[in-house]
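The values are calculated or read from the model by the stated rules, or taken from the named source; none is laboratory data. Values in this document were obtained by computation on a predicted structure and should not be read as measured data. Cβ atoms come from the backbone with ideal geometry, glycine included; neighbour counts cover every protein chain shown. Calculation scope for accessible area: heavy atoms of the full protein, side chains included, ligands and nucleic acids excluded. Shrake-Rupley method; radii C 1.70, N 1.55, O 1.52, S 1.80 Å.
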Amino acid sequence: MGTALVVDDSLTEQKIIRSCLEKEGINVLIASSGEEALEKVKSTRPDVIVLDVVLPGRSGFEICRQLKAEASTSTIPIIICSTKGSEMDKFWGMKQGADAYIPKPIDQAEFVQTVKQLIKQ
């Protein structure tokens, strides 16, 4: 079904997201920081990236912007998944190049549907 890179520094969130994706047959890779995510993207080329905003080091917004600016990673769909769920946060996330923005706590059905839709593109 594809591979998702989940970038979140919360072990609880990692487990919740991993569980609902693996139930759908999606392989899951985990990164706990933006820097680790950038390394894994280069070495594994995931089909979709699930990115938290609040991360140690650089923010998810910065990582999203960087990945979308590089030719080698610009076509990988990015879902920002954050507790920062205001309309302004969503607007800013999409402005950074995100393909979708899902507030936490996630609606698992909506989340899985969004991931599957972006993997198929």
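See the values below:
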read-out: Qualifying residues in segment 93-121 (those that are assigned to a helix (DSSP H, G or I) and closer than 11 Å to Cys64 by Cβ) - the one modelled with the lowest pLDDT; value: Gly93
read-out: Identity of the residue in segment 14-29, among the aliphatic types (A, V, I, L, M) and open to solvent by 40 Å² or more (accessible area, probe 1.4 Å), that ends up nearest to Pro56 (Cα to Cα); value: Leu29
read-out: Scan of segment 3-13 for residues that are surrounded by fewer than 17 Cβ atoms within 10 Å (Cβ to Cβ) and under 14 Å from the mean Cα position of the chain (by Cα), ordered by number; value: Thr3, Asp9, Ser10
read-out: Positions within segment 64-92 being within 15 Å of Val7 (Cα to Cα), out of contact with any Gly (no Cβ under 7 Å at 6 or more places or on another chain) and in a helix (DSSP H, G or I), in sequence order; value: Gln66, Leu67
read-out: Number of the exception - Val54 against (1) in contact (Cβ under 8 Å) with a residue 40 or more places away in the chain; (2) under 20 Å from Leu118 (Cβ atoms); (3) aliphatic (A, V, I, L, M); value: (2)
read-out: Selection status of Glu70, without any contact (Cβ under 8 Å) to a residue 24 or more places away in the chain and open to solvent by 70 Å² or more (accessible area, probe 1.4 Å); value: no
read-out: Residues located in segment 101-121, provided they are surrounded by 13 or more Cβ atoms within 10 Å (Cβ to Cβ) and touching a residue at least 40 places away in the same chain (Cβ under 8 Å); value: Lys104, Ile106, Gln108, Phe111, Val112, Val115, Lys116, Leu118, Ile119
read-out: Selection within segment 14-27 - over 12 Å from the mean Cα position of the chain (by Cα) and either more than 19 Å from Val41 (Cα to Cα) or without any contact (Cβ under 8 Å) to a residue 40 or more places away in the chain (or both); value: Lys15, Ile16, Ser19, Cys20, Glu22, Lys23, Glu24, Gly25, Asn27
read-out: For Val48: the one exception among (1) out of contact with any helix residue (DSSP H, G or I) (no Cβ under 8 Å at 6 or more places or on another chain); (2) of a type in the set (Val, Ile, Thr); (3) surrounded by 22 or more Cβ atoms within 10 Å (Cβ to Cβ); value: (1)
